[in-house]
Amino acid sequence: MSDVRDALRAGSRGERALTAAKLMLGWVALLWLLELADVVSGHTLDGFGIVPRTPSELVDVVPAAFTHFGFAHVAANTVPLLVLGFLAALGGIRRFLAVCALVVVADGLGVWLISPSGTNTAGASGLIFGLFGFLLVTGFVERRPLGVLVGVLVAAVWGGSMLAGLAPTQSGVSWQGHLVGLVAGVVAAFVLRRRDTGPRELPV
């Protein structure tokens, strides 16, 4: 019986990994297709970026996360989005999508509120920072050893570049969007944490 359960768990994990991989490959492919459409149309999609404190720009809070300023911009976001998104999606697709929705909306609103006047902010980096923050702390929040290990590995691989992305001295980079995205990801780890629904052992 235990062999059957182990086989079912292995199959479930394999299916989840395959689903997560397909989702993230499709997500990244969409970003590249949108940038191709942007180039072909004479960069008309750049208008979906967020210009701060302009009421009409609030409708661009979500589209801005899918818009980029050139193929180099998309390329820079491709690998971290693929890897961090895949790891986050392994914990469940529905929760992953909820995390992404929370981060994208919070990050877009944060950029709208605190970015410098006269700027136009777009790109998936706010979401990337959010996924980094989520993976960094969710294992500790849920007290799951595997999640803690993932957080440590993510910090070891991406920590340096994430810290660099928060530096206000960088020119042409929205450190505000990075910071808000990171905070939103940490908040998502608490708000959307998994709770143990198994039977409790009570002493008698």
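The values are calculated or read from the model by the stated rules, or taken from the named source; none is laboratory data. Keep in mind it's a predicted model, so treat the numbers as computed, not measured. A quick note on method: Cβ atoms are made from the backbone with ideal geometry, for glycine too, and the neighbour counts reach across all protein chains shown. Accessible surface areas use protein heavy atoms only, side chains included; no ligands, DNA or RNA. Shrake-Rupley method; radii C 1.70, N 1.55, O 1.52, S 1.80 Å.
Structure notes:
- Debye intensity ratio I(q)/I(0), log10, the chain, q values 0.09, 0.12, 0.13, 0.18 Å⁻¹ (C-alpha model): -0.38, -0.63, -0.73, -1.27
- Gaussian network model of the chain, springs between alpha carbon atoms under 10 Å - residue of G139, G42, G123 with greatest fluctuation: G42
- Solvent exposure, largest accessible area first (probe 1.4 Å, DNA, RNA and ligands not counted), of L81, L30, L102: L30, L102, L81
- Each stretch of four or more DSSP H residues adds -39500 (n - 2.57); spread over every residue of the chain, this sum gives -23500 deg cm²/dmol at 222 nm.
- Total formal charge among the other residues, if their Cβ is under 10 angstrom from that of V74, Lys/Arg +1 and Asp/Glu -1: -2
- When the chain is treated as a GNM with alpha-carbon contacts under 10 Å, the residue of L179, L87, L18 showing the greatest mean-square fluctuation is L18.
- Figure note: V59, V148, V183, V39 ranked by solvent-accessible area, largest first, 1.4 Å probe, ligands and nucleic acids not counted: V59, V183, V39, V148.
- Solvent-accessible ranking of S115, S174, largest area first, probe 1.4 Å: S174, S115
- Potential lengthening of the chain between R13 and A37 amounts to 5.0 nm, from the contour at 0.36 nm per residue minus the alpha-carbon distance.
- Solvent-accessible surface (1.4 angstrom probe) belonging to I50, in square angstrom, nearest 10: 10
- Net charge dipole, the chain: roughly 760 debye, given to the nearest 20, about the Cα centre with Cβ charges of +1 for Lys and Arg and -1 for Asp and Glu.
- Among L149, L25, L33, residue whose mean-square fluctuation peaks in a GNM of the chain (springs only between Cα atoms under 10 Å): L33
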